[in-house]
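The values are calculated or read from the model by the stated rules, or taken from the named source; none is laboratory data. As the structure is a prediction and not an experimental result, all values here were calculated from the model. Here the Cβ positions follow ideal geometry from the backbone for every residue, glycine too, while neighbour counts run over all protein chains shown. Each accessible area value is taken on the protein alone, full model and side chains, heavy atoms only, with ligands, DNA and RNA left out. Shrake-Rupley method; radii C 1.70, N 1.55, O 1.52, S 1.80 Å.
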Amino acid sequence: MADLRLLRMRCYWRLAVFRTGAVNAASGSAYAEIGDTKVIVSVFGPRESKKAMMYSDIGRLNCNVSYTTFATPVRGQGSDNKEFSSMLHKALEGAIILDSFPKTTVDVFALVLESGGSDLPVVISCASVALADAGIMMYDLVASVSVSCLGKNLVIDPVLEEESYQDGSLMISSMPSRDEVTQLTITGEWSTAKIHEAMMLCLDACSKLGKIMRSCLKEAALASQE
Amino acid sequence: MGPMNDSSDLSSEMEVDAFRRLFPLRFHERHLLESIRPDGRPLGRARDTTLAFGAVASADGSALAKIGCTTMLAAIKMEVMTPTVESPNEGCIAVEFHMPPICSPTVRPGRPAEVAPVVSKQLSDTILRQVVMTFSGMIDLKDLSLVNGKAAWMAYLDIYCLDADGALFDTALLSAVAAFCHLKFPMVSLNDDGRVVVVSGESKGGKSGKEAVNKEQRKLNLISIPFSLTCTLHNNYILADPTAEEESIMETLVTVVLDSSLQLVSFYKPGGPVLAFTSAVMVSSDLQKAII
């Protein structure tokens, strides 16, 4: 186990794959597969805000994350995940140029097809690729990575099993090319030194993940030109 | 499904696009006169269909079906249950159809799509009604029995619409049937209390005398396989396998479900302004036969 983990430490995370244009009915969409975690995100709009909404000079962002009933090993309810929905909203809010679509709403809907650990970071990264696919103006892509603290070890991009044993977890969503962080969450037991180490690890991983996301978008753009 | 005319002049393309949005019915009728559809298909042709098995690793059986852009993901999870007193030697199947907000701009979170319960009912009717007539059922529920009166399989079939572009029921049924084809029963054994439990993969080679009840990983026997085809009726025209746009403009739909021996399983015509005269029905089922 330890050896395996060391190996993974070096190559950082499970195989990450992004594809745009997964859902034709949406303005933009992306499919992400990182290890066993599989996610689809659709972006709709900018479109008319709900009637009940107050007037707003800047655009609105509306996020929703839900799970399929077969996403988890034990059959679940497949209900909305309110916590993840608001976390996704906060992670993306800072990266989107909301001034560019006043009075309207952009909807970001995510569906976790299979949960294999690190679900929220995958949803956030996938959502930013989907937003780019929809042509929503952003300062930069948002790449998100989490680290679990297992005893003395730090484990990046934890799988479901590792997450269930973790003492603490740290997640960073960042805009790699601007070197800015949109969201940082720390839960559980951490020492200051460990937090520092984990943050460095995450930021480095974010910039690498950002490159993968960028290359996926470039490929899609080249393919559509031909 | 891009625009159909590759006209070199951008302005004329814009005009066509505007015409399509402003006068959708006239736009489509103009195409019908030429016996062609906006996506370049002749009236009677269905879209390309693809099928992938085992798309969900965590399920016991799963399939991804695609008709044109319409995409459905079906997964089956098996659980052991105690059968009912009325039918001690039968298992049970629960069918659920979901339209998450990712699939279409009309679906919003917290407000389920109007068509979802309709498709859900149609699906469970098609899959389960057959079961009642044991001679031509799709699945014999007795195959889902483990120990008479003690234990049976409960099959949870969940179908998710990932992309909605017309012909939802056809795609959903295709994915459901494919998921049942792909289904492998998990290993079960008797535990110390004499109850039947599912054995997880790793502990299968266990020593403690817990023999697997069903040794070989059995596959489900499908007696007959239903296929369906939806057609849109408009005046005298019959359009096979409509897209979402066609469905919304020409509102009369006819769905014909046949099984593999070309027996009629079910027939739906949920209202609509055009009357389904006999010939239309005949043609729909002929088209269907051609597709099988």
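Rounded to the nearest 5, what % of the DSSP beta bridges within the protein assembly as shown are antiparallel ones? Please report the intermediate quantities before stating the final value.
Values: 89 of 104 bridges.
So the antiparallel bridges in the protein assembly as shown amount to around 85 percent.
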Please report the buried accessible area for the interface of B with A, total over both chains, probe 1.4 Å, in Å² to the nearest 100. 2200 Å²
So what is the accessible area of the protein assembly as shown per residue, in Å², with the probe set to 1.4 Å? 48 Å²
I'd like the mean, over residues of A:63-76, of how many other protein chain beta carbons sit within 10 Å of each residue's own Cβ. 5
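Could you tell me which GluC sites (Glu not before Pro) in the range A:67-138 are loop residues by DSSP with no more than 12 other beta carbons within 10 angstrom of their beta carbon? Intermediate results must be reported in sequence, preceding the final value.
On the way: sites: A:83, A:93, A:114; in loops: none.
Sites meeting the loop and neighbour criteria: none at all.
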Evaluate 2.2 N^0.38 Å with N set to the residue count of the range A:2-225, then give the Cα radius of gyration divided by it. 1.00
Taking the alpha-carbon centre of each part, the distance from the range B:54-118 to the range A:134-168 in Å is 30 Å
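Of all DSSP beta bridges located in the range A:2-225, what percent are antiparallel, nearest 5? Spell out each step's value before the answer.
Numbers: 42 of 50 bridges.
Of the beta bridges lying entirely in the range A:2-225, close to 85 percent run antiparallel.
Take every residue in peptide B:69-82, count the Cβ atoms of other chains within 10 Å of its Cβ, and give the average of those counts. All intermediate terms of the calculation are to be shown ahead of the outcome.
Working: counts 3, 2, 5, 0, 5, 1, 7, 1, 5, 1, 2, 0, 0, 0.
Taking all residues of B:69-82 together, the mean is 2.
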Area accessible to solvent at residue A:84, 1.4 Å probe radius, in Å²: 40 Å²
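Percent of accessible area on the range B:49-199 owned by carbon and sulfur, 1.4 Å probe?
Details: 3340 of 5920 Å².
In the range B:49-199, the share of accessible area belonging to carbon and sulfur is 56 percent.
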In the range A:15-50, which residues give up 50 Å² or more of accessible area once the other protein chains are added, compared with their chain alone (1.4 Å probe)? A:24, A:25, A:47
Mean-square fluctuation maximum in Gaussian network of chain A, Cα pairs under 10 Å, restricted to A:131, A:150, A:113, hits A:150
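From the helices alone, meaning DSSP H stretches of at least four residues, give me the mean residue ellipticity at 222 nm for chain A, per-run term -39500 (n - 2.57), in deg cm²/dmol to the nearest 500.
Details: 5 runs with 77 residues, N = 226.
So the calculated ellipticity at 222 nm is -11000 deg cm²/dmol.
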Have a look at A:127, B:146, B:44 and report the one farthest towards the positive end of the charge dipole of the protein assembly as shown, computed about the Cα centre with Cβ charges (Lys/Arg +1, Asp/Glu -1). B:146
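Hey, got a sec? Which GluC sites (Glu not before Pro) in the range A:173-206 land in a DSSP loop and have at most 16 other Cβ atoms within 10 Å?
Details: sites: A:180, A:189, A:197; in loops: A:189.
For GluC sites (Glu not before Pro) across the range A:173-206 that sit outside H, G, I, E and B with at most 16 neighbouring Cβ atoms in 10 Å, the list reads A:189.
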Please give, to one decimal in nm, the separation of the simple spin-label points placed at residue B:121 and residue A:199, each 7 Å out from Cα toward the Cβ. 5.8 nm
Environment charge at residue A:46 (Cβ cut-off 13 Å; Lys +1, Arg +1, Asp -1, Glu -1): 0
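Quick one: what do you get for the protein assembly as shown if you divide its Cα Rg by 2.2 N^0.38 Å? Mind showing how you got there, number by number?
Numbers: Rg = 25.5 Å, N = 518, 2.2 N^0.38 = 23.7 Å.
Normalised by 2.2 N^0.38 Å, the Cα Rg of the protein assembly as shown equals 1.08.
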Could you report the accessible area of residue A:222 in Å², rounded to 10, computed with a 1.4 Å probe on the protein chains as they sit in the structure? 100 Å²
